[in-house]
1. Does segment 47-61 include one or more residues that are under 25 Å from residue 18 (Cβ atoms), over 27 Å from the mean Cα position of the chain (by Cα) and within 16 Å of the ligand (Cβ to nearest atom)?
2. Determine whether residue 204 is surrounded by 15 or more Cβ atoms within 10 Å (Cβ to Cβ), of a type outside the set (Lys, Arg) and either at positive phi or modelled with pLDDT of 90 or more (or both).
3. Mind checking whether some residue in segment 78-95 is assigned to a helix (DSSP H, G or I), away from the ligand (no atom under 16 Å from the Cβ), over 21 Å from residue 13 (Cβ atoms) and of a type outside the set (Lys, Arg)?
4. Restricting attention to segment 20-47, report how many residues are in contact (Cβ under 8 Å) with a residue 24 or more places away in the chain and among the polar types (S, T, N, Q).
5. Only one of 57, 45, 12 is of a type outside the set (Gly, Ala, Ser), surrounded by fewer than 11 Cβ atoms within 10 Å (Cβ to Cβ) and assigned to a helix (DSSP H, G or I); which?
6. When only residues in segment 96-111 that are of a type in the set (A, V, I, L, M) and within 17 Å of residue 123 (Cα to Cα) count, which is nearest to the ligand (Cβ to nearest atom)?
Amino acid sequence: MASHLKMIISVELVGIDGVSQRCEIAKVDRSLDGARLNNFGLSLEEAKDIQRRLQQELTQFQTDQAAQRDRKCQDCNRRRSVHDSRYRTIHSLFGSCHVRVPRWCRCACGSTARLGTGCVETLLNGRATPELERIQAELGSRLSFREAARVLDIFVPATRPHNHRTVSNRLGKVADQIEKWDVAGPYRISRAGKSPVSVFIDGAYIRAVPGYQSRHFEIAMGRVVAQGRAPRQFAGAPNIATGKHDIVRAAMRAQGWLPGRDVTVFSDGEVGLQSIVLSATRQPVTHILDWFHLSMRLRHIEQALINNLGTYLGQNAASIVNYCRRYWSGQPISSSPAESAANSLVNARMNKKRQMRWTPIGAHRVLQVRAAVADGRLKQAKLDLAA
Ligand SMILES: [Zn+2]
């Protein structure tokens with residue numbers, strides 16, 4: 001009895017005219033003799049090859065259909081004849097597609113309507129699909145650019161290995177889009193009425209590239225928390241066009257804050273961090289000194305010079321509240337949510353052990369994407385990345 005299996009994978013394509021065509025994508029051969037679990041179903045390489053061929057067939061079909069629609073003369077409705085064809089390459093998550101795009105002759109009626117291919121132009125706008133760009137940006141925000149390129153090589157069919165510079169460039173593009181979207185976003189009306197918005201803010205130092213004005217620079221990051229909404233993370237680096245206060249303001253706006261509404265800031269008492277929030281709100285805020293920073297100082301009171309503690313308390317007198325009463329009524333007394341934002345945003349990608357050095361803009365872009373990934377905004381956002 002024959003023990004040879006043939007599995008044929010084909011696709012059926014139905015055009016705008018209702019005509020259907022079938023096209024073979026791949027053949028998978030298996031023998032039943034001595035079959036092992038690693039003959040089971042598709043292997044990764046087979047799956048990548050099928051994805052690549054399928055994507056190629058689908059994109060060519062879509063391009064052909066769009067071109068047919070463009071073929072009709074806009075004035076007399078007659079079909080124009082073929083002038084020539086050119087090729088375009090579109091990079092997608094399922095491989096690079098080389099698509100043939102026909103160009104049509106000027107119509108015999110002498111119509112001056114656009115000779116270009118309107119439908120096709122819209123379809124093939126850009127060099128990479130937004131989905132590929134988003135995945136590259138997400139991986140680049142979680143891993144080093146080189147590691148991200150290696151991970152993509154494992155799963156994404158491609159004729160050439162992925163390049164870490166491409167990952168970095170795509171992340172930059174996505175980050176700029178996220179930021180543009182955030183800063184331009186309208187105030188989202190708060191459902192939580194008059195309850196205050198809380199801003200938990202913290203700072204961290206990361207290593208600067210050689211030649212930068214200092215060896216380290218400080219990034220600010222944290223969370224904006226409003227009742228009835230998932231917390232929103234933010235982070236920003238210094239000396240770039242979008243100030244840290246713009247980033248904070250955009251995050252507050254997205255959380256339903258409106259000018260004039262109360263803001264409570266939690267920090268470790270560093271004046272620079274408070275002033276970022278003040279620039280963001282352009283109004284007075286309530287500042288609460290982080291309970292743990294304060295209690296740490298109190299715990300070490302024997303070792304610490306009483307003067308130091310006195311200075312710290314004196315500088316922050318206005319920010320020391322009745323922690324006990326707040327705690328028992330369930331209100332926050334600590335900036336620890338900012339520190340957990342720091343953990344998720346900074347430590348995994350930028351901490352000192354990694355020996356990475358950053359430009360402010362490079363760090364800023366990675367932070368924008370990481371914050372969007374952490375909040376789940378990268379998937380939700382209908383970012384018009386092709387534009
Ligand atoms: Zn015509």
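The values are calculated or read from the model by the stated rules, or taken from the named source; none is laboratory data. Treat the numbers as computed from the prediction; the structure is a model and nothing was measured. Note that we place each Cβ from the backbone using ideal geometry, even for glycine, and neighbour counts take in every protein chain shown.
1. no
2. no
3. Scanning segment 78-95, I find no residue that is assigned to a helix (DSSP H, G or I), away from the ligand (no atom under 16 Å from the Cβ), over 21 Å from residue 13 (Cβ atoms) and of a type outside the set (Lys, Arg), so the answer is no.
4. Matching residues across segment 20-47 total 1.
5. Answer to the check: 45.
6. 101
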